[in-house]
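Engineer: Quick one: structure below, then a few questions.
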Amino acid sequence: MSNISKTSQSPEKCLKAESSFQGGYFQFKQLELEIKFLAADLVQIDWKYPVPPVPYGIIAQDWPMVETTFEQRQNEWIISSSKLKVLVSQEGSITFYTTDGQLLREELPPQRQGQQWLHQAKLQLEEHIYGLGERAAPLNLRTSPNTDEPPRSYQMWNYDMGGRYGPGADPLYLCIPLYLGLHAQGSYLIFYENPYRATFSFKDVARAEFEGGALRYYVASGEPAQLLKRYTELTGRPVLPPYWAFGYHQSRWGYETEEVIRSVAQGFITHNLPLSAIHLDIDCQNGFRAFTIDPDRFPKLANFSQELKERGVRLVTIINPGVKAERNRKLFEEGIAQDIFCKGEDGKLILAPVWPGMCAFPDFTNPQARHWWSRQYEYLLDLGIAGFWHDMNEPGVFTLWGDATLPTVTQHAMEGRGGDHREAHNVYGLLQAQAGYEALRNYQPELRPFIVSRAGWAGLQRYAWTWTGDIDITWQALAQTIPTVLNMGLSGIPYTGPDIGGFKGDPTAELYLRWFQMASFLPFCRTHSANNAKPRTPWSYGEPTLSIVRKFLKLRYSLLPYFYTLAWEANQTGYPLIRPLFWLDNEDRRLWDVEDSFLVGNALMVCPILKPEKRSRRVLVPKGHWYHFWDDQVLEGKCEIELDAPLEQIPLLVRAGSILPMETGQRLILHIYPLIEGYSQGYLYSDAKDGYGDWRLDTFTLAREEEGLELIRSEQGNYDFPYSEIELYLHGMKLQQVWVDGEEITDFSPEKLVCCLFNKVRLIVELMIVDS
Ligand code: GLC
């Protein structure tokens, strides 16, 4: 993209300013501006443009009333709510303050040249920047390779990495023009409602250069949690997936026949390993065609999927958007007859090569095309396929040179108003996911859809999961996964994870193991590899790898109630399941750059091993007290310490004050990690593990009473409590006496007791943790 020159158009002087509904309207000599508060801490800024964006990212159009004031000062106007002040200058710069006067963000007047926009904001000295969707970059996107060099720049253009990428590659498959600024005076989030190709960079200023479209954006203020809440109110809350999606997924490009898959599934049983899903890559298709199954290699898929389901294993199949261009094939002929496919300016079909050969591409910006596409899933659903994996949907095509996607002149319906691929490219995968989601909702209204999409845009969380694509088989790539997943979560996409072990090639046993240990705590826990890789299952590497992987898989399965409860929380609030450490204390600046550890919810801190032959590592611990998961030792946070990491474990810490719900069979295990002072709390969300029926939320609170401790359970919702017994597992204390709902129990050990569903448990304990 050419840089916007100094001669480009800026707003120039303000000629007219007036208050408008919950905001203000400004007529500058060159540009018009409309500012509107959607909530006290969320503002829409619209530099008027003749063609407004199609609201693909936005879900909330109606917002409750907000009280705002509009006042004029000497050279500026101030629009305020109870939380945020927006100052507009005569020249069109916009500054955001909290109501107590903290400077959040200082924007320069935008500049426009031809169809391009340049939007800049001054960054504070220590300001850290996060987000931008999926990035192979440091957690803090402002980190420069070298201070004298130009800043890293980040492209907004969903891109197929073609089989391999490592740290520094840009762009990746799923770009979102959103970032979060965190500095000493507060934090904010900005989301540009513009899917055009853009370039972002962050040095003294944050620069966003868009190749076209409107300059309409949203600024939210508040703590990171509140920012995610507002952003997902605007763009949609993450779906609540079926429970099984949090189990382990085994995948490989190269599972060529039913027999091969049967033996993989059998291997999990033989080796006593839990398994929830197997993914079928393009090898299951007939000539790599979308919505087909090869009849020779999968002759009885309906029976086979049923057989696997009875063992608790679901099948997920790949779907690529390209439809093979071939006469006399129903899918292609129908698409032609119904005018579904993308065309060029000359009205001719756009064809490009992907796996099956030359393909036509449905125009997902056309509602009829989405509808037509959504009808195609039925065939696979009838065969018992439980979920779909949308690949190559940037869309990626095979070219020897140039941009490996559709030509920018490709025409798109854009819901009827018309546009071209420059605008439609980044929303292509999002709209395919929407079509897939609708297919599953219509076909099986009693089940919740499971879709994994490689590409996407703002709002993908409403429909699908994603994964981090064709990541390299290196230790650096393993380490990259953490900031990538964290920045995705801060961009509203909570469900992601890597190909365990990397995509193309064969990781060493140690790399595979360390990768597995980390991924056991990520939302999407899937091993996947390319067709040239050796089979990669937990038993491929023999012992001790197999036993250690088993231990981590079993730990993962026992943590499923916690993951599921966090998914419910994500669905209610937009909070990511995987959080950066500063989520717990954004005033502790040491945490702003931590990208080698992560939080699962607020209770668990995971510190993976990211280098070969390491048997211990440094860990930066946030404030508060923390328990070692493996041996219950307590440490005081706000420190940096070296922790052991023999091959069979990685440092795992549990925040004091947490009650962690875990399970084994029909037994719920509440792991209670008390604080010295104050109360401890945990939640448990339950429902039928799928569908849209009744649900319940149990809240467990442990508080200090005059004599001992009291654990109170309160409930919401109508679903029956799903466990037949509850084990209370006490950490950092020894049980001496206990009453469950008033009745004394004598059958207990110093650390645990088993009871039925209770309302109140009174505990006399000896506290083992000492005040420091
Ligand atoms: C792409 C996908 C990869 C898949 C392969 C073959 O590279 O990213 O996951 O295995 O295509 O379908």
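Engineer: Counting residues in segment 14-235 as N, plug N into 2.2 N^0.38 Å and put the Cα Rg over that result.
Structural biologist: Segment 14-235 yields a ratio of 1.00.
Engineer: To continue, here is another question. Explain nothing, just the number: relative contact order of the chain, from Cα pairs under 8 Å at least 6 residues apart, as a whole percent.
Structural biologist: 10
Engineer: Continuing with this model, one more query. Please list the radius of gyration and Dmax for segment 84-212, considering alpha-carbon atoms only, with Å as the unit.
Structural biologist: 15.2, 51
Engineer: Please state, rounded to one decimal and in Å, the Kirkwood hydrodynamic radius that segment 686-772 gives when every pair of distinct Cα atoms enters the mean of 1/r.
Structural biologist: On the way: mean 1/r = 0.0698 Å⁻¹.
With all distinct Cα pairs of segment 686-772 included, I get 14.3 Å.
Engineer: Same structure again: What does the convex hull of the Cα atoms come to per residue for segment 580-649, in Å³?
Structural biologist: 84
Engineer: So if I take the centroid of the Cα atoms in segment 423-490 and the same for segment 729-758, what is the distance between those two points in Å?
Structural biologist: Cα centres, segment 423-490 to segment 729-758: 44 Å.
Engineer: Now a separate question. At 1.4 Å probe size, what's the solvent-accessible area of Lys614? Round to the nearest 10 Å².
Structural biologist: Probe radius 1.4 Å; accessible area of Lys614 about 80 Å².
Engineer: Then there is this: Rounded to the nearest 0.05, what FRET efficiency do Asn718 and Gln306 give with R0 = 30 Å and r taken as the Cβ-Cβ distance? Could you check? Please list the in-between numbers first.
Structural biologist: Values: r = 31 Å, r/R0 = 1.05.
With a Förster radius of 30 Å, E is 0.45.
Engineer: Let me ask you something else. For His271, His425, give me the order by solvent-accessible area with a 1.4 Å probe, most accessible first, ignoring ligands, DNA and RNA.
Structural biologist: The residues order as His271, His425, largest area first.
Engineer: Tell me which aspartates and glutamates have Cα within less than 17 Å of Lys29's Cα, excluding those fewer than 8 residues away on the same chain?
Structural biologist: Glu12, Glu18, Asp46, Glu76, Glu91
Engineer: Relative contact order of segment 580-649: what whole-number percent is it, with Cα pairs under 8 angstrom and at least 6 residues apart? Don't skip to the end; give the middle numbers.
Structural biologist: Details: 100 pairs, mean separation 17.9, N = 70.
Once divided by the residue count of segment 580-649, the mean separation gives 26 percent.
Engineer: Taking only protein heavy atoms and a 1.4 Å probe, what accessible area per residue, in Å², does segment 709-772 have with all protein chains in place?
Structural biologist: It amounts to 54 Å² per residue over segment 709-772.
Engineer: How much area per residue is accessible in segment 222-319 when the probe is 1.4 Å and only protein heavy atoms are counted (Å²)?
Structural biologist: Here the per-residue accessible area is 33 Å².
Engineer: Could I ask something else about it? Indicate the gyration tensor shape class of segment 1-91 (rounded, prolate or oblate), computed on the Cα atoms with a ≥ b ≥ c the square roots of the eigenvalues: a/c under 1.5 is rounded; otherwise a/b larger than b/c is prolate and the rest oblate. Don't jump to the answer; show the numbers that get you there.
Structural biologist: Values: a/c = 2.19, a/b = 1.19, b/c = 1.85.
Oblate is the answer for segment 1-91, as a/c is 1.5 or above yet b/c matches or exceeds a/b.
Engineer: Among the listed pairs Lys48/Lys343; Lys16/Lys85; Lys551/Lys638, which are separated by more than 25 Å between their Cα atoms?
Structural biologist: Violating the 25 Å Cα-Cα cut-off are Lys48/Lys343; Lys551/Lys638.
Engineer: Please report, for the Cα atoms of segment 202-338, the Rg to one decimal and the Dmax as a whole number; what are they, in angstrom?
Structural biologist: 22.2, 61
Engineer: What accessible area, in Å² to the nearest ten, does a 1.4 Å probe give for Thr746?
Structural biologist: Accessible area of Thr746: about 120 Å².
Engineer: Could I ask something else about it? Do any of Lys689/Lys734; Lys229/Lys760; Lys300/Lys324; Lys614/Lys752 go past 29 Å between their Cα atoms, and which?
Structural biologist: Over 29 Å apart, Cα to Cα: Lys689/Lys734; Lys229/Lys760; Lys614/Lys752.
Engineer: Distance between Cα centroids, segment 568-607 to segment 14-61: provide it in whole Å.
Structural biologist: Cα centres, segment 568-607 to segment 14-61: 33 Å.
Engineer: How high is the relative contact order of segment 244-358, in percent, with contacts defined as C-alpha pairs under 8 Å that are six or more residues apart?
Structural biologist: 23
Engineer: Next up: Ranked from the most accessible area to the least, with a 1.4 Å probe and all protein chains present, what is the order of Met768, Met488?
Structural biologist: Result, largest first: Met768, Met488.
Engineer: Here's something else I'd like to know. Please work out whether segment 431-587 counts as rounded, prolate or oblate from its C-alpha gyration tensor, where a ≥ b ≥ c are the square roots of the eigenvalues and a/c under 1.5 means rounded, while otherwise a/b larger than b/c means prolate and anything else oblate? Before the final figure, lay out each step's value.
Structural biologist: Values: a/c = 1.65, a/b = 1.40, b/c = 1.18.
It is prolate, given that a/c is not under 1.5 and a/b is the larger ratio.
Engineer: Roughly speaking, what is the centre-to-centre gap between segment 661-727 and segment 115-180 when only Cα atoms are used, to the nearest Å?
Structural biologist: 41
Engineer: Tell me the carbon and sulfur percent of the accessible area for the chain, rounded to whole percent, probe radius 1.4 Å.
Structural biologist: 48
Engineer: While we're looking at this one, here's another question. I need the fraction of alpha carbon pairs in segment 46-100 separated by more than 18 Å, rounded to a whole percent.
Structural biologist: The calculated P(r) of segment 46-100 puts 52 percent of pairs beyond 18 Å.
Engineer: Work out the P(r) tail for the chain: percent of alpha carbon pairs separated by more than 49 Å, whole number.
Structural biologist: The share of Cα pairs beyond 49 Å in the chain comes to 18 percent.
Engineer: Another question about this same structure. With the cut-off at 1.5 for a/c, could you classify segment 410-483 from its C-alpha gyration tensor as rounded, prolate or oblate?
Structural biologist: Values: a/c = 3.33, a/b = 1.30, b/c = 2.55.
It comes out oblate by the Cα gyration axes.
The values are calculated or read from the model by the stated rules, or taken from the named source; none is laboratory data. What you are looking at is a predicted structure, and each value in this text was computed from that prediction instead of being measured. Every residue, glycine among them, receives a Cβ derived from its backbone with ideal geometry; neighbour counts consider all protein chains shown. Keep in mind that these areas ignore ligands, DNA and RNA; they rest on the heavy atoms of the full protein, side chains included. Shrake-Rupley method; radii C 1.70, N 1.55, O 1.52, S 1.80 Å.
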